[in-house]
1. Could you figure out which of (1) at pLDDT 90 or above; (2) farther than 16 Å from residue 23 by Cα; (3) open to solvent by less than 60 Å² (accessible area, probe 1.4 Å) isn't true of residue 142?
2. Name the single residue that is nearest to the chain's Cα centre (by Cα) among those in the range 121-139 being more than 17 Å from residue 4 (Cβ to Cβ) and open to solvent by 50 Å² or more (accessible area, probe 1.4 Å).
3. Considering each residue of the range 6-22, count those that are open to solvent by less than 40 Å² (accessible area, probe 1.4 Å) and either assigned to a strand (DSSP E or B) or under 27 Å from residue 113 (Cα atoms) (or both), and give that number.
4. Would the range 57-64 turn up any residue that is among the small types (Gly, Ala, Ser), open to solvent by less than 90 Å² (accessible area, probe 1.4 Å) and farther than 26 Å from residue 22 by Cβ?
5. Of all residues in the range 86-100, which are more than 20 Å from the chain's Cα centre (by Cα) and either open to solvent by 60 Å² or more (accessible area, probe 1.4 Å) or without any contact (Cβ under 8 Å) to a residue 40 or more places away in the chain (or both)?
6. Condition (residue is part of a strand (DSSP E or B) and in contact with a Gly (Cβ under 7 Å, 6 or more places away or on another chain)) applied to the range 50-70: is it met by at least one residue?
7. With 71, 83 as the choices, which residue is open to solvent by 40 Å² or more (accessible area, probe 1.4 Å) and closer than 20 Å to residue 160 by Cα?
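The values are calculated or read from the model by the stated rules, or taken from the named source; none is laboratory data. Predicted model only: the values in this text are computed from it and were never measured. Neighbour counts run over all protein chains shown; Cβ positions are idealised from the backbone, glycine included. The accessibility values were calculated without ligands, DNA or RNA, using every heavy atom of the protein model including side chains. Shrake-Rupley method; radii C 1.70, N 1.55, O 1.52, S 1.80 Å.
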Amino acid sequence: VHVYAHSAEVAGRSVVVYQTPTHPGAVYLVEATRTQAGGCTSKVSLLADPNEKLLAELDLSNPEERWVDCKETGRRVQGWILKPTGFSEDRTYPALLMIHGGPHAQYGAGFFHEFQWLAGKGYVILFTNPVGSQGRGEEYLQGLRRKWGTADFPELMAHVDALLKAVSY
C-alpha cells in the first residue's frame, strides 16, 4: 500500500488516499481512538473509489518482488517483474527494463499505469531500485553522484541477467 495524499488529523480523524500495484487509488476516512492502555485503534472506511467501475473491466497484473545480488558492486538490489495478463510459461514475451528518473527516486508499492498498460499489451516489465535510489540510506542514495550510467549499470544488468536465467522471455 502506498499512501500518496492525506489530510491533517482533526479530532482523531483524517482522510487518506492510497493505492496498490493493481489499484490507482481510493479515498478513505481513518478514525483513530486511544485505548486505556495508551495504544491506539483505528477504523478505516471507504469514502470514494472513482476507479471502481473501470477496474471491474480490467485484468491487471501483480508485480513479483525480486532481490538480486550484484557481484560487481557487492550489493543486493530490489526489483519487480510484472508479467503480462494471461502469462504462460509456454510462450516467449518481449521484455522492457524500466529505469526510474532521478536519481533520488524509487519504485515501490504504487500503481504504475504505464506498466499495467504495457503488460496488458504482452510485455514483461522489469523495474528496479539500483544505487542512487531512495529508501536505502544516504550512502546508497549518493552512490550515483557523478556516475550516472556507470555505477547503476551493473545493478540494472544483474536484474536483466537474473530474469533471462529464470525464464526465457
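1. Failing condition for residue 142: (1).
2. 136
3. Residues meeting the conditions: 6.
4. There is no residue in the range 57-64 that is among the small types (Gly, Ala, Ser), open to solvent by less than 90 Å² (accessible area, probe 1.4 Å) and farther than 26 Å from residue 22 by Cβ.
5. Matches in the range 86-100: 86, 88, 89, 90, 91, 92, 94.
6. Scanning the range 50-70 turns up at least one residue that is part of a strand (DSSP E or B) and in contact with a Gly (Cβ under 7 Å, 6 or more places away or on another chain).
7. Exactly one of 71, 83 is open to solvent by 40 Å² or more (accessible area, probe 1.4 Å) and closer than 20 Å to residue 160 by Cα, namely 71.
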